[in-house]
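Colleague: Quick one: this structure, given as structure tokens, is what I'll be asking you about.
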Amino acid sequence: MALVEGCRHSLEISVPVETVDTETERVVSSFQQRAKLPGFRPGKAPAGIVRKQFEGDIRQRVLENLVPKFLEKELEKNELRIVGQPDISDVHFHRGEPLRFKAEFEVFPHIELKDDYKQLSVPYKDPQISDEDVAKRIEEIRDQKADYSNVDPRPIEDGDYAVISIESVSGVDDPPVKQNELMLNVGAEDTLPAFTENLRGMSPGEEKDFDAAYPENYAQAKLAGRTVRFHVAVKGIRKKELPELNDEFAQDLGDFRTVDELRESLRKTMFAQRQHDAQQEAKNKLVEKLAEAHDFPVPEVFIDRQVRNRVEQTLHSLAAEGVDASKIQLDWQKVKSSQRDKALGEVKASLLLSRIAEREAIGATRDEVEKEVERIARQQREPFAAVRLRFEKDGTLGRIASHIQTEKTLNFLFEHAEKTAEE
């Protein structure tokens, strides 16, 4: 056995001539039984003629039967855990001689955990929720619950909510941007300046064409960095009216009797969310420290798989924004080169977490997996049994268990880490 590079190994394997001959005779016999040759009844053609007639097929069948079998024996003998498909080359297969071939493959890396993985330090402190934070959240809720009343026709002013119909004339790929009723807050920070400047002073019933320049980082990829010409018609003007902040407002939102009860509930919810986010950030830093402290080779097949996962996630996001992903031409080598470092870090992290889970006997229980399947079934409004059967067949059940194991391992690391003051 020879180490080629990283996780890549090679083996030169020889199969005894007696074994080759026996297997060849067996394959010839199976061909002989099924062969239909002119002048012979089915299954009665002589072995010599069958050998000659189906020489290539027989050779291929013998290789398919012997190569995986003897490769597996050598892997077991050398205690190698192969990943991906092996590359078979230098095949020497001649009648009356041993079968020889070379196999190159990647193996699962050996990871020697350092003893201090349970004593890592990480900057973390529980978040603080101020009265101002709660007040801001209440104002956001009031804004969401606001009513919009129609205003008698007049020129639009800053602060008004203009109701417009809009259609792109040029500057954007088909299909055009089109909306029959769009409400924009004129003069607001999140309203593009071009819309504020052109709508200001217009009155209901008026129409106009104008250009709008979108920033490079605009959320909709279809419009990002483009200058689009729109045809806009003003249909009406509305004013926002916020609900009064009182106990009745609190009662309308849920099981609250007073505004103070609402405030306390919001404080707890905000604390839980911010605590989750802060702990997630700390866990990410712990994983980064783990990866930096452990140097081991990673199989290229794992990196390729992770790069493809990252690309697929990006394409799904673009499709959700209306971009036709099928029209995107990808240069795989360039994509892999640009994504390799991030993918390598993610794979190293995953392997390390799996190794720690193995060391600490951390895993997903049956109840935990079933609970997650139940949650998904409720979300998708499907029967639990049907969802579970589908997940069992397509491998989702295993992925759910793996995700639960990862989360429990991250929690384990966080609980044992030394929390320091924020850096």
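Colleague: Identify all residues within segment 357-379 that are loosely packed, with under 11 Cβ neighbours inside 10 Å, within 22 Å of the chain's Cα centre (by Cα) and within 23 Å of Val287 (Cα to Cα); write none if there are none.
Modeller: none
Colleague: Tell me which residues, restricted to segment 86-115, are out of contact with any strand residue (DSSP E or B) (no Cβ under 7 Å at 6 or more places or on another chain) and either part of a loop (DSSP other than H, G, I, E, B) or touching a residue at least 12 places away in the same chain (Cβ under 8 Å) (or both).
Modeller: Just the residues of segment 86-115 that are out of contact with any strand residue (DSSP E or B) (no Cβ under 7 Å at 6 or more places or on another chain), to begin with: 94-97, 109-115.
His94, Arg95, Gly96, Glu97, Pro109, His110, Ile111, Glu112, Leu113, Lys114, listed by residue number.
Colleague: Same structure again: How many residues, within segment 391-423, are under 23 Å from Tyr124 (Cα atoms) and outside any helix (DSSP H, G or I)?
Modeller: Adding up the residues that qualify gives 7.
Colleague: Filter segment 192-225 for residues that are among the hydroxyl-bearing types (Ser, Thr, Tyr) and surrounded by 15 or more Cβ atoms within 10 Å (Cβ to Cβ); which is farthest from the chain's Cα centre (by Cα)? Let's see the steps before the verdict.
Modeller: Applying the first criterion (among the hydroxyl-bearing types (Ser, Thr, Tyr)) to segment 192-225 yields 196, 203, 214, 218.
Filter again for surrounded by 15 or more Cβ atoms within 10 Å (Cβ to Cβ), leaving 196, 214.
Numbers: Thr196: 38, Tyr214: 28 Å.
Ranking the candidates gives Thr196 first.
Colleague: I'd like the full set of residues that are of a type in the set (Gly, Ala, Ser) and touching a Phe, Trp or Tyr at 6+ places or on another chain (Cβ under 8 Å), limited to segment 167-207. Break it down stepwise before answering.
Modeller: At the first step, the residues of segment 167-207 found to be of a type in the set (Gly, Ala, Ser) are 168, 170-171, 187-188, 194, 201, 203, 205.
Within segment 167-207, Ser168, Ala194 meet the criteria.
Colleague: Filter segment 390-402 down to the residues that are out of contact with any helix residue (DSSP H, G or I) (no Cβ under 8 Å at 6 or more places or on another chain) and either modelled with pLDDT of 95 or more or open to solvent by less than 70 Å² (accessible area, probe 1.4 Å) (or both) and list them by number.
Modeller: Here is the first cut: in segment 390-402, the ones out of contact with any helix residue (DSSP H, G or I) (no Cβ under 8 Å at 6 or more places or on another chain) are 392-395, 398-399, 402.
Across segment 390-402, the qualifying residues are Gly395, Gly398, Ser402.
Colleague: List the pairs whose first member sits in segment 71-82 and is part of a loop (DSSP other than H, G, I, E, B), whose second member is among the aromatic types (Phe, Trp, Tyr), and whose Cβ atoms are under 6 Å apart, counting only residues at least 6 apart or on separate chains?
Modeller: Once the first residue is part of a loop (DSSP other than H, G, I, E, B) and sits in segment 71-82, its partners that are among the aromatic types (Phe, Trp, Tyr) give Arg81/Phe108.
Colleague: Still on this model: Go through the residues of segment 183-191 one by one and say whether even a single one is exposed (fewer than 11 other Cβ atoms within 10 Å of the Cβ), without any contact (Cβ under 8 Å) to a residue 40 or more places away in the chain and not basic (Lys, Arg).
Modeller: Going through segment 183-191, the residues exposed (fewer than 11 other Cβ atoms within 10 Å of the Cβ) turn out to be 189-190.
Adding the requirement that they be without any contact (Cβ under 8 Å) to a residue 40 or more places away in the chain leaves 189-190.
Filter once more, keeping what is not basic (Lys, Arg): 189-190.
Taking every residue of segment 183-191 in turn, at least one turns out to be exposed (fewer than 11 other Cβ atoms within 10 Å of the Cβ), without any contact (Cβ under 8 Å) to a residue 40 or more places away in the chain and not basic (Lys, Arg).
Colleague: Okay, next question. Scan segment 68-87 for residues that are over 14 Å from Ser14 (Cβ atoms) and either open to solvent by 50 Å² or more (accessible area, probe 1.4 Å) or not aliphatic (A, V, I, L, M) (or both) and jot them down.
Modeller: Here is the first cut: in segment 68-87, the residues over 14 Å from Ser14 (Cβ atoms) are 68, 72, 75-76, 78-87.
Correct list: Pro68, Glu72, Glu76, Asn78, Glu79, Arg81, Ile82, Gly84, Gln85, Pro86, Asp87.
Colleague: Also, I was wondering about something else. Just one of Ser317, Ser326, Ser338 is surrounded by fewer than 17 Cβ atoms within 10 Å (Cβ to Cβ), at pLDDT 85 or above and either over 26 Å from Thr420 (Cα atoms) or not small (Gly, Ala, Ser) (or both); which is it?
Modeller: Exactly one of Ser317, Ser326, Ser338 is surrounded by fewer than 17 Cβ atoms within 10 Å (Cβ to Cβ), at pLDDT 85 or above and either over 26 Å from Thr420 (Cα atoms) or not small (Gly, Ala, Ser) (or both), namely Ser338.
Colleague: Right, next: Mind counting the residues in segment 72-87 that are within 27 Å of Gln306 (Cα to Cα) and out of contact with any Asp or Glu (no Cβ under 9 Å at 6 or more places or on another chain)? Give the derivation first.
Modeller: Quick first cut of segment 72-87, residues within 27 Å of Gln306 (Cα to Cα) only: 72, 75, 79-87.
Adding the requirement that they be out of contact with any Asp or Glu (no Cβ under 9 Å at 6 or more places or on another chain) leaves 72, 75, 79, 81, 85.
Number satisfying all stated conditions: 5.
Colleague: Within the group Asp158, Asp174, which residue is open to solvent by 20 Å² or more (accessible area, probe 1.4 Å), part of a loop (DSSP other than H, G, I, E, B) and more than 29 Å from Thr314 (Cα to Cα)?
Modeller: Details: Asp174 fails: more than 29 Å from Thr314 (Cα to Cα).
Every option except Asp158 fails the conditions.
Colleague: Okay, moving on. Lys285 - would you say it is under 30 Å from Ile138 (Cα atoms) and at pLDDT 85 or above? Outline the logic, then answer.
Modeller: Values: under 30 Å from Ile138 (Cα atoms): no; at pLDDT 85 or above: yes.
Spelling it out, it is not the case that Lys285 is under 30 Å from Ile138 (Cα atoms) and at pLDDT 85 or above.
Colleague: Quick check on my filter: what residues within segment 235-283 are open to solvent by 40 Å² or more (accessible area, probe 1.4 Å), closer than 30 Å to Val186 by Cα and not acidic (Asp, Glu)?
Modeller: Listed by number, the residues that qualify are Lys235, Arg238, Lys239, Lys240, Leu242, Leu245, Asn246, Leu253.
Colleague: Right, something else. How many residues are of a type in the set (A, V, I, L, M, F, W, C) and over 29 Å from the mean Cα position of the chain (by Cα) when one looks only at segment 81-118?
Modeller: Start the filter on segment 81-118 by keeping residues that are of a type in the set (A, V, I, L, M, F, W, C), which leaves 82-83, 88, 91, 93, 99, 101, 103, 105, 107-108, 111, 113.
Restricting the remaining residues to those that are over 29 Å from the mean Cα position of the chain (by Cα) gives 88, 91, 93, 99, 101, 103.
Result for segment 81-118: 6.
Colleague: Could I ask something else about it? Sort out which residues of segment 46-63 are of a type in the set (A, V, I, L, M) and at pLDDT 85 or above, and write them in order of number. Please lay out each step first, then the result.
Modeller: Pass one, segment 46-63, residues of a type in the set (A, V, I, L, M): 47, 49-50, 58, 62-63.
Of everything in segment 46-63, those that are of a type in the set (A, V, I, L, M) and at pLDDT 85 or above turn out to be Ile58, Val62, Leu63.
Colleague: If Lys348 passes every condition in (1) within 30 Å of Lys125 (Cα to Cα); (2) open to solvent by 40 Å² or more (accessible area, probe 1.4 Å); (3) basic (Lys, Arg); (4) assigned to a helix (DSSP H, G or I) but one, which one does it miss?
Modeller: (2)
Colleague: Please tell me if Glu197 is of a type in the set (D, E, K, R), farther than 30 Å from Glu418 by Cβ and modelled with pLDDT of 95 or more. Before you say what the answer is, go through the steps one by one.
Modeller: Details: of a type in the set (D, E, K, R): yes; farther than 30 Å from Glu418 by Cβ: yes; modelled with pLDDT of 95 or more: yes.
Here the answer is yes, as Glu197 does meet what is asked.
The values are calculated or read from the model by the stated rules, or taken from the named source; none is laboratory data. Computed from a prediction, not measured in an experiment: that's the story for all the values here. Using ideal geometry, Cβ is built from the backbone for each residue, glycine included, and neighbour counts are taken over all protein chains shown. Calculation scope for accessible area: heavy atoms of the full protein, side chains included, ligands and nucleic acids excluded. Shrake-Rupley method; radii C 1.70, N 1.55, O 1.52, S 1.80 Å.
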